[in-house]
Every structure is written in C-alpha cells, then in structure tokens.
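A short worksheet on the structure shown next.
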2 protein chains.
Amino acid sequence: MKEEITQRIIEEVLRRLQQKPHDEASIPIGVSGRHCHLKEKDLEFLFGTGYQLTKKADLSQPGQFAANETVIIAGPKGSIERVRVLGPLRSETQVEISQTDAIKLGLKPPIRESGNLKGSSPVTIIGPNGSLFLENGLIIAHAHIHMPPEDAATFNVEDGEYVAVQTDNPMRPIRFERVQIRVSPKYNLEMHIDTDEANAGFIVSGHTGRLVKAEGKR
Amino acid sequence: MKEEITQRIIEEVLRRLQQKPHDEASIPIGVSGRHCHLKEKDLEFLFGTGYQLTKKADLSQPGQFAANETVIIAGPKGSIERVRVLGPLRSETQVEISQTDAIKLGLKPPIRESGNLKGSSPVTIIGPNGSLFLENGLIIAHAHIHMPPEDAATFNVEDGEYVAVQTDNPMRPIRFERVQIRVSPKYNLEMHIDTDEANAGFIVSGHTGRLVKAEGKR
C-alpha cells in the first residue's frame, strides 16, 4: 500500500513537472482532434441551402472557430461520428484525421500540409441533408508550428523550414524530427500535432515543446 | 493529373525507402495492439472451469502466442470489443492498451513496464462466462527492446538501461527518447511499441529503428 502511494506521488510530481510555464525557448502545443473544413457549396449540400455555420468556440489562431455543426465521415471499413466542422468556410473541403482513424475507416490518407489535396484520399462525408463522396480531400496533417514574424526572428527560422521539436513528458519524452514552420502576421505561436502524436508523447494541449534547429536544412 | 501521378510516385518511393533491409545497427520493430494476459483463475472465471487457451499464432518472442480467445474491456466512458488474449497464462492478469484506447474507455492507466501493476488503473474484463472488475491491471506499456545477451554486447547496453530509438519514415521521422532495454537469453531482438507510438511515426511491424545510446544514463 505504501509503495502504491509512493508510486502515485512520483507519477503526480512527474506530471506537474511537465506543466512548466511558457518561456522564450518553448513552443505551446495544441492537439488537433479530427475535423472537417467545408467549402460553401458542400456546406449547403450537407446542411441545406443557405445554411450558415454557427460558432461554438474560438480557436487559438485568430478568426478560426469550432462550429456547433458536426458530420459523420466514412470509408470502406467503418465510420466516425461527431467530426467537428471548423470555420470559417474554405475554398476546398478537407477532412483531417489521425492514422488511428484512417485504420478504422479503412482508408490511406497521405501526410500533408493543410490545403495540399492533390492525390489525397477519397472520403464520404455525411450531413443532415445529404452525403458527399469526395475523390480527394482526406489527409493526415503534417505537424507544424504557426508563428508570427517576430517569433520567427527570435527562433531564427523561416516560413517553410523544417525543425525538430522535443517534448519532455518524463515517461514518454519524444522528438518530432520533421515539423514545418509557417510564418504569417495572422498567426499566434503554437505547434499543432494530431492525437496520435500527442498520445505517443503523453502530450495534451497546453504542454510545451522545445524547438531544435535542424543540423542541415532538409 | 500529371502532378497527382508524380505525387503518388514520390509517396510510393518514400514508402519503399523506409522498408530497408535489417542491418547490424538496426532494431526490428513490432507494433503491439491492445491485448490481455490472464492468470489461470481469471481465465476460468471468464471462460469456464477447466478452460484452456487455444493458439491462433506464434508471436516473435519464443513461447508467446496470440490465442483465439478475445475479451471485451470496459471503463466508465466506453468499451472495446475483441481484445486479443495472449498466452501462455501469467501469474497476474494484465491488460495493455494505448492512450487512445484509454480516452475511449474513460480510464487513466499509467505508462509501465509489463508486470508492474501497483497503482495501475482499474478495468472491467468481460468474457463469455462472466465479467471481472480488477482494482489494478490496466497499463500502457512502456516502449522497450527485447534482446539476447549477444545483441546487448553488440549494442553495448545492459538490462534495464534506457536508450533512444530513431525511426526514419520520411514524412514522420520520430525519436523515442526513453526506451527500456530488456536482456534475456529467452528473447529475440525486437523493439515493442504501441499503436499510438507506431501511428505517430507512420511505423508498421517490420520497420526498423536505430538505437542511439543516451548521452548520460538516466
């Protein structure tokens, strides 16, 4: 019993050590659950003519929001319900899932940066008003860091560059070796990883990682 | 269309480059799906008095096998069906899942090495003959490398030591920074990771990793 308590205390202390305050060398991490971006035509097809997304919550990047609306996504081996729609609308419909989700659906989406949909996976999207079969549109998002130009200067990195990021959960420290930098004055500093990457490092939103410059640019 | 074909060719070449042959510096990786080890008393409670496991397939470690039998595991937020039972029987019942599974079940298992169950998570196991509520027994397995003494000598590592392992999927290279070495003449060389770790690195069984000695032993 005493050993058990000691073990629990050690685990709690280790957990709290991970929650260190944001300092200049660290990158806040946001874990992206599976989600769907819609173009206007597809929104209207899935939800009805003239339908408009309603905001559930603001996201960390300015102007981006989680909508109240959700869809079902499906593939040859299964479906996943309650996939959150994010707003605002985009020029192309895109669904972002984890590899764990891909196995459940029986689909093989490539790892891509957002918006690069050529040759991506087909997927079915089901809404209250109808369903769509997209030839392309399903991806696994490539890990990336949003940052404004000031932070890019501080970290000495540029848009499109790849860096490594080390995270420090004491039981599952992990280093993501290929993380893309995205610089825009519209961005807040935040690294985005998916739920597989998060769970592999025992990471939750609000944890931080350390940016490590690649020895040679890839 | 041409760009799409080019993109697909690039992805296929990158995929094949990952499948390099096993060389001396590399560790074969086995991905462990969720599974359950049973002690005799629990096997009989779940499957019936005098019940014996039947072999479905041998596993990579000598004497270990996947049984035809499966169980359902459950927690306060959900259940997971068809969880494979592994044989032979053990002295304690133990269920190993991923963090993704833990979230689905609504449970918080610690990351542990196999057999270290003190203060681990409760879990319900359901079989055809009855169900068990275990106060302890649910863990997320700590990444580890099984190796015979000859390989330990080659790699210059010892039982219980922690090392890092780098994997090289071109889209998702990742470094596991805390991997435990387990040495026994009964073992074959193989690194075991769970499905979250595998998916975070786009790794499937048969891929390899490179062992990297820790700079200072932890």
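The values are calculated or read from the model by the stated rules, or taken from the named source; none is laboratory data. Keep in mind the model is a prediction, meaning the values are calculated, not measured. Note: ideal-geometry Cβ built from the backbone for every residue, glycine included; neighbour counts use all protein chains shown. Just so you know, the surface numbers come from the protein's heavy atoms only, side chains and all, with ligands and any DNA or RNA stripped out. Shrake-Rupley method; radii C 1.70, N 1.55, O 1.52, S 1.80 Å.
Annotation for B:Glu158, label-to-label distances across the other copies: 5.0 nm (shortest first, one decimal, point 7 Å from Cα along Cα→Cβ). Buried accessible surface for the A/B chain pair comes to about 3000 Å², total over both chains, computed with a 1.4 Å probe.
In region A:148-181, the residues that give up 50 Å² or more of accessible area when the other protein chains are added, compared with the chain on its own (1.4 Å probe), are A:Met171, A:Arg172, A:Pro173, A:Arg175, A:Glu177, A:Arg178. Maximal additional length on extending the A:Ser131-A:Lys104 stretch stands at 7.8 nm, based on 0.36 nm per residue less the C-alpha distance. Placing a label point 7 Å from Cα along the Cα-to-Cβ direction at A:Ile80 gives distances to the equivalent points in the other copies of 1.5 nm, listed shortest first. At a probe radius of 1.4 angstrom, the accessible area of the protein assembly as shown per residue rounds to 49 square angstrom.
Taking the inverse of the mean reciprocal distance over all distinct Cα pairs, the Kirkwood hydrodynamic radius of chain B comes to 18.8 Å.
Using 27 Å as the Cα-Cα cut-off, could you pick out the over-long pairs in A:Lys39/B:Lys77; A:Lys186/A:Lys213; A:Lys213/B:Lys104; A:Lys77/B:Lys41? Those over the limit are A:Lys39/B:Lys77; A:Lys213/B:Lys104; A:Lys77/B:Lys41.
Once you sort the root eigenvalues of the Cα gyration tensor of region A:133-201 as a ≥ b ≥ c, which label holds: rounded (a/c under 1.5), prolate (a/b larger than b/c) or oblate (the other case)? Because a/c hits 1.5 or more and a/b fails to exceed b/c, region A:133-201 counts as oblate. Springs join every pair of Cα atoms under 10 Å in this Gaussian network model of chain B, and among B:Arg112, B:Arg172, B:Arg84 the largest mean-square fluctuation is at B:Arg172.
Shown for A:Thr49: label points 7 Å from Cα along the beta-carbon vector, and their distances to the equivalent points in the other copies, 7.2 nm in ascending order.
Split the accessible area of region B:138-218 by element, probe 1.4 Å, and carbon with sulfur accounts for 49%.
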